[in-house]
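The values are calculated or read from the model by the stated rules, or taken from the named source; none is laboratory data. Bear in mind the structure is a predicted one, so any value in this text is a computation, not a measurement. Backbone-built Cβ (ideal geometry, glycine too); neighbour counts: all protein chains shown.
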Amino acid sequence: MDGKIALEEHWAVDETMHRAGGSFWDEMGKRLRDFRGKRLAEMDAHGIAFAILGLNSPALQGVLDPAKAVDLARRTNDRLAEEIARTPRRLGGFAGLPMQDPTAAARELARCVRELGFKGAMVNCFTQRHVADSAIYYDLPEFQPFWATVAELGVPLYLHPRQTLPSRALAYEGHRWLYSPAWDFGSETALQALRLIGSGLFDSFPTLQIVLGHLGERIPFDMWRIDNLMAKLPVKYPAKKRVSEYMRENFHLTTSGQFHDTAFHCALAAVGASRIMFSVDYPYEEMSAAAAWFDHTPLPEAERMRIGRTNATALFGIELA
Ligand code: MN
């Protein structure tokens, strides 16, 4: 399919780069810092017309000093805006936000949307603040004014994974492979999303729209079971509706890093074709693999067009020639 739009496509600056060495991370580092070389060539080769770029993970959310996070957010967003301005018909931007300071995060998002033309925000799950062993989730009361600003601006927030803190990852001991994007990313991000849902955030701000990658970080598979158990168990959450209702009214899912029919059809049945959008997760995943799967998976062509392109143009107000 030509003309696809991709939404979980990463970039980085030296300050947000992984410190890990080795040829895999060296190659990722090169690709993350490239805007018009291999990135555009791959987009051309695999029918991707437009990509919205967001910082790598954890980037801003791993900065301990709130003032430094505010400064780095502003500099990286300005840098992304400069890159986009050179190729505005191919690239768009998600704001990185200094969630350590909810007031500053709201202000930066408003600036990015109103002055830089960004399409929303990409936030890497929980934020650390002041000390390394801290994980702050955005259902806490201090974030209510931040969410009010997101709702007022009417832009989606892409909730992207990051790794669980070492102090909270004791259950992974001896199984380093699980403490990775292969398993932990999804668990951590699903936890944050379910905290937002259960807190009643979407009762307070019913128009808020959150985007989850990886076909919903496993929540679609568990949705019926969560609803079923919440109706029966004595433990309750403050939110008014069932988890599945919020997933169908306040969430959108992307295909990032999930190029397989089993998970795709589960997500499709769970939230419907109007709430799923194509994405790659470049450079950690290959555009060739994403397109090879999506372009040929059995699907009515009208749904392929919605998921591949028009759901995104509508949600993000993307105008393509
Ligand atoms: Mn990603």
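Keeping to the range 30-40, report how many residues are away from the ligand (no atom under 15 Å from the Cβ) and either assigned to a loop (DSSP other than H, G, I, E, B) or surrounded by 17 or more Cβ atoms within 10 Å (Cβ to Cβ) (or both).
Qualifying residue count, the range 30-40: 5.
Mind counting the residues in the range 52-70 that are in a helix (DSSP H, G or I), polar (S, T, N, Q) and either surrounded by fewer than 24 Cβ atoms within 10 Å (Cβ to Cβ) or within 12 Å of the ligand (Cβ to nearest atom) (or both)?
Of the residues in that region, 0 qualify.
Is there a residue in the range 116-127 that is farther than 21 Å from GLY154 by Cα and not polar (S, T, N, Q)?
Yes, because at least one residue in the range 116-127 is farther than 21 Å from GLY154 by Cα and not polar (S, T, N, Q).
Residues checked against (1) buried (at least 20 other Cβ atoms within 10 Å of the Cβ); (2) in contact (Cβ under 8 Å) with a residue 60 or more places away in the chain; (3) in contact with a Cys (Cβ under 7 Å, 6 or more places away or on another chain); (4) farther than 23 Å from SER288 by Cα:
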| site | (1), (2), (3), (4) |
| --- | --- |
| ALA193 | yes, no, no, yes |
| ILE197 | yes, no, no, yes |
| ILE210 | yes, no, no, yes |
| LEU215 | yes, yes, no, no |
| ASP227 | no, no, no, yes |
| SER244 | no, no, no, yes |
| PHE259 | yes, no, no, no |
| THR262 | no, no, no, no |
| LEU268 | no, no, no, no |
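Is there a residue in the range 145-161 that is closer than 30 Å to ILE5 by Cα, in contact with a His (Cβ under 6 Å, 6 or more places away or on another chain) and either crowded, with 16+ Cβ neighbours inside 10 Å or free of Cβ contacts under 8 Å to residues at least 40 places away in the same chain (or both)?
No, the range 145-161 contains no residue that is closer than 30 Å to ILE5 by Cα, in contact with a His (Cβ under 6 Å, 6 or more places away or on another chain) and either crowded, with 16+ Cβ neighbours inside 10 Å or free of Cβ contacts under 8 Å to residues at least 40 places away in the same chain (or both).
So which residues in the range 237-258 are within 16 Å of the ligand (Cβ to nearest atom), out of contact with any Asp or Glu (no Cβ under 8 Å at 6 or more places or on another chain) and not in a strand (DSSP E or B)?
Correct list: THR255, GLN258.
Go through the range 72-105 and give me each residue that's among the aliphatic types (A, V, I, L, M), over 17 Å from GLU9 (Cα atoms) and surrounded by 22 or more Cβ atoms within 10 Å (Cβ to Cβ).
Across the range 72-105, the qualifying residues are ALA73, MET99, ALA105.
Do you know which residues across the range 1-56 are small (Gly, Ala, Ser) and farther than 15 Å from GLY93 by Cα?
GLY3, ALA20, GLY21, GLY22, SER23, GLY29, GLY37, ALA41, ALA45, GLY47
List the residue pairs whose Cβ atoms are under 8 Å apart, where the first residue sits in the range 1-26 and is under 29 Å from ALA49 (Cβ atoms) and within 15 Å of the ligand (Cβ to nearest atom), the second is modelled with pLDDT under 95 and assigned to a strand (DSSP E or B), and the two are 6 or more positions apart or on different chains.
Going by the 8 Å Cβ cut-off, there are no qualifying pairs.
Failed condition for ALA169, given (1) within 20 Å of the chain's Cα centre (by Cα); (2) surrounded by 14 or more Cβ atoms within 10 Å (Cβ to Cβ), with all others met?
(1)
Which ranges mark the strands (runs of 3 or more DSSP E) fully within the range 84-201 that have 1 or more residues being closer than 19 Å to TYR246 by Cβ, within 16 Å of the ligand (Cβ to nearest atom) and not aliphatic (A, V, I, L, M)?
It comes to 120-124, 157-160.
Kindly list, by first and then second residue, each pair from a residue in the range 86-114 that is under 18 Å from GLU152 (Cβ atoms) to a residue that is among the hydroxyl-bearing types (Ser, Thr, Tyr) and not in a strand (DSSP E or B), limited to pairs with Cβ atoms under 7 Å and residues at least 6 apart or on different chains.
MET99/TYR138; ALA106/THR149; LEU109/THR149; ALA110/THR149
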